[in-house]
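See structure below.
The values are calculated or read from the model by the stated rules, or taken from the named source; none is laboratory data. What you see is a predicted model; the values in this text were computed from it and never measured. Here the Cβ positions follow ideal geometry from the backbone for every residue, glycine too, while neighbour counts run over all protein chains shown. The area values use the complete protein model at the heavy-atom level, side chains included, leaving out ligands, DNA and RNA. Shrake-Rupley method; radii C 1.70, N 1.55, O 1.52, S 1.80 Å.
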Amino acid sequence: MGFASLSSGVIARIMNGDDVTKPVLQILAIKKINSNADAERYRILISDGKYFNSYAMLASQLNEMQHRGQLDEFTIVQLDKYVTSMVGKEGAGKRVLIISELTVLNAGAEVKEKIGEPVTYETAAKQDLVAKAAPPVVAKKEPTQSKTNNNNNNNNITLNASINAGMTHPISSLSPYQNKWVIKARVTSKTAIRTWSNPRGEGKLFSMDLMDESGEIRATAFKEQCDKFYDMIQVDSVYFFSKCQLKPANKQYSQLDNAYEMTFTGETAVQLCEDADDGGIPDIKYNLVPISEVSGMENKAAVDTIGICKEVGELQAFTSRTTNKEFKKRDLTLVDMSNSAISLTLWGDDAVNFEGHVQPVILVKGTRINEFNGGKSLSLGGGSIMKINPDIPEAHKLRGWFDNGGGDNIANMVSARTGGGSFSTEWMTFKDARARNLGAGDKPDYFQCKAVVHIVKQENAFYRACPQSDCNKKVVDEGNDQYRCERCNALYPNFKYRLLVNMSVGDWTSNRWVTCFNETGEQLLKHTSQEIGEALENDPAKAEEIFSALNFTSHIFKLRCKNEVYGDMTRNKLTVQSVVPLNYKEYNRHLLKELQELTGIGSSSN
């Protein structure tokens, strides 16, 4: 049986810097050099029949071929894409061949033997190289007008020389075993600057995701590099990067398909690419998912979607109980052509600056799904992208749909907190809820109604809870400025307030007492639990002002209904799952729909 012919003698040329197109070589051995699964790499002994090279490595995306047994001993392959790079200190390093794409021509099980009697290219090829090797590529020694702001001059010279010589590396070929490389990549996302403070010190950082035609990688800049590069680097622009440190990726913070991530150092150089349109760097890709499909996706998954911002919530500010740091957020309601709506939470500057937009098209990439009581919502976190009124076909189509009344009949509220697994909570009056004996079954029932707040009890509206963020157990006052948490089995010098507000609400059929826990209580009373607890204990006049402001206000309540036994008595209890302000347009549409169902008028025209 005939086998593919090896490209005799090319290894010496390749390792000297020549660009040899699709050489055919034979694998003589392959060895795993890292047992860490997240940074698994393979070193191979490869031959052209005349010379062999023991300093060759597979890029991580080829690991699967090795796992499937496609790269066994004696396999003949064609190198479709590769680079060479120096590893180690200048003057004493080794040049390594890194293979990022290859094609198997003949399986090792078919070939069964070594072809030729190859020797190491480093010694036997020395004389041959003198006569045959092409002159090395030298960067033009023209004065360079570097456009890299605030970068070290020596690093810029090296970077510019590599750029001028066309010596850039694909992201997929990068590994900690290289120290001389330049990549050309598009910034697909950039986080806000985050700060930290601990007993070891304090600092700041920001991260970005980079992409080229071969793959993606996360890069992070700390402290001085954070100040140096944050304003310079912009999302969707293309840059040259060099002199970054590579290490195994922390998958807790990055979901990119790359075993490594980059950290900026004092030697890192970054330069804007002026010819990005002709550079072969792909545009940012969006895997847009209809809002209706988000309901079936996993909690904490990342998703790309697009919708019309139908409603804009108020800017909210709150303080973390653990760090005492202030946070700001704003909730938007997005709708799309799947007749579904979902809540999107903006944070920090995005939340503060989102004003003045009249029902714009919002595109988000990499936003996180959060699940609570059966409802799904989106959160724009670090690494996410938000674009307002993007100039893409999907946005223009969505705008035409909405402007022609497409958002008037949204039936699927993906963010509805139903707790029962259904995303459309049934409208019901209090009288109907009693008539249908809701809450008498083994599982709770859920319904929503429009109701007015009549009475809000101040008595027992709070309790003192464990100060730990992941524990809300009521503490016991030890009487010596110490508070015991039985769950944590610990004493604390402080506590946190938790709300447990009871109030009477009514619709046009009857009144009911309902219970609000901490989050819904804070939302209705428009103060934090800490402020409410301190007012109730120390400032009765302020507490009266806070609670009386809620009287005679109308809201849409989503309620949990369940019979509970107290002693020998059974009581039907209603708990507020969520509350939203009354949107008269939406509520009137609901009433008109009920009238049509009762009378049959207008149903034939729908």
Original post:
Filtering the range 202-242 down to residues that are open to solvent by 30 Å² or more (accessible area, probe 1.4 Å), among the acidic types (Asp, Glu) and part of a strand (DSSP E or B), which residue is modelled with the lowest pLDDT?
Top reply: GLU202
Original post:
Do we find a residue being in a strand (DSSP E or B), touching a helix residue (DSSP H, G or I) at 6+ places or on another chain (Cβ under 6 Å) and not polar (S, T, N, Q) anywhere in the range 382-402?
Top reply: no
Subject >> Residue pairs meeting the criteria (Cβ under 9 Å; at least 6 apart or on separate chains; first assigned to a loop (DSSP other than H, G, I, E, B), in the range 354-366; second of a type in the set (S, T, N, Q) and open to solvent by 70 Å² or more (accessible area, probe 1.4 Å)) >> reply: HIS357/ASN389; PRO360/ASN389
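The rows are residues; the columns are (1) open to solvent by 60 Å² or more (accessible area, probe 1.4 Å); (2) assigned to a strand (DSSP E or B); (3) touching a strand residue (DSSP E or B) at 6+ places or on another chain (Cβ under 8 Å).
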site	(1), (2), (3)
ASN437	yes, no, no
ARG464	yes, yes, yes
CYS471	no, no, yes
ASN502	no, yes, yes
TRP508	yes, no, no
TRP513	yes, yes, yes
**OP:** Might you let me know whether the range 447-464 holds any residue that is in contact with a helix residue (DSSP H, G or I) (Cβ under 6 Å, 6 or more places away or on another chain), β-branched (Val, Ile, Thr) and under 28 Å from LYS329 (Cα atoms)?
**Re:** yes
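Being among the aliphatic types (A, V, I, L, M) and modelled with pLDDT of 90 or more is the filter here; which residues of the range 79-98 pass it? Working first, answer last.
Start the filter on the range 79-98 by keeping residues that are among the aliphatic types (A, V, I, L, M), which leaves 79, 83, 86-87, 92, 96-98.
Result: LEU79, single match.
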Original post:
How do the pairs read when you match residues in the range 563-575 that are open to solvent by 60 Å² or more (accessible area, probe 1.4 Å) with residues anywhere that are modelled with pLDDT under 90 and of a type in the set (Ser, Thr, Tyr), using Cβ under 9 Å and keeping only pairs 6 or more apart or on different chains?
Top reply: none
Original post:
Given the residues ASN258, ASN299, ASN250, ASN324, which is the only one that is modelled with pLDDT of 85 or more, in a loop (DSSP other than H, G, I, E, B), of a type outside the set (Ser, Thr, Tyr) and out of contact with any Cys (no Cβ under 7 Å at 6 or more places or on another chain)?
Top reply: ASN258
Original post:
SER340 is checked against (1) under 24 Å from ASN299 (Cβ atoms); (2) within 20 Å of the chain's Cα centre (by Cα) and fails just one. What number does that condition carry?
Top reply: (2)
Subject >> Condition broken by LEU525, with the remaining ones in (1) within 35 Å of the chain's Cα centre (by Cα); (2) more than 19 Å from PHE318 (Cβ to Cβ); (3) modelled with pLDDT of 85 or more satisfied >> reply: (2)
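A quick yes/no check of all residues on (1) of a type outside the set (A, V, I, L, M, F, W, C); (2) in a loop (DSSP other than H, G, I, E, B); (3) at positive phi:
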residue	(1), (2), (3)
ALA12	no, no, no
THR21	yes, yes, no
GLN26	yes, no, no
ILE44	no, no, no
SER54	yes, no, no
GLN61	yes, no, no
GLN66	yes, no, no
PHE74	no, yes, yes
Subject >> Residues that are more than 14 Å from ASP231 (Cα to Cα) and open to solvent by 60 Å² or more (accessible area, probe 1.4 Å), drawn from the range 180-193 >> reply: LYS180
